[in-house]
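Each reported figure results from applying straightforward, stated rules to the coordinates on display, with no laboratory input. Everything numeric in this text was worked out from a predicted model, so none of it was measured. All Cβ positions, even for glycine, are placed from backbone atoms using ideal geometry, and neighbour counts span all protein chains on display.
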């Protein structure tokens with residue numbers, strides 16, 4: 001059941017990210033409202049990825065936790081960017097952790113999938129055509145840091161096998 005829920009989460013996230021990237025290309029010459037929508041969608045994608053990573057119950061030498069922290073920082077930067085933007089819209093979400101252990105392979109797959117979604121989120125944010133007082137660029141750096149930490153987590157895991 002838990003594996004099915006994660007598959008649904010990633011399937012939904014993939015559809016969301018692919019849709020976002022298509023909109024991002026069209027929005028390069030669009031008004032501020034479309035850029036704001038891109039940032040809100042990126043926030044939603046980051047929330048899904050963060051919930052998935054928080055649900056993974058393997059340590060990866062602390063790198064998974066650092067990636068989650070970097071995603072939180074990126075979310076904070078995007079919230080700051082949107083604070084004074086037109087048509088402010090907030091995203092909320094709560095996650096519950098599952099105390100049951102999961103197979104290591106599933107946890108590894110979650111991290112690999114998250115890296116792909118995070119890379120797509122970087123592309124989305126880079127295509128937004130407004131600076132947002134440097135917050136968008138700071139969020140991109142935080143997401144890149146999360147990708148780096150997840151790559152270290154997987155490398156750490158390979159060293160343990």
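Here are the numbers:
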read-out	value
Protection proxy ranking of 60-66, 35-41 - average other beta-carbon atoms within 10 Å, highest first	35-41, 60-66
Chain lengthening between residue 129 and residue 65 when straightened (0.36 nm per residue, less Cα-Cα)	19.9 nm
Projected label distance in nm at residue 151 and residue 57, using a 7 Å step from Cα toward the beta-carbon	3.0
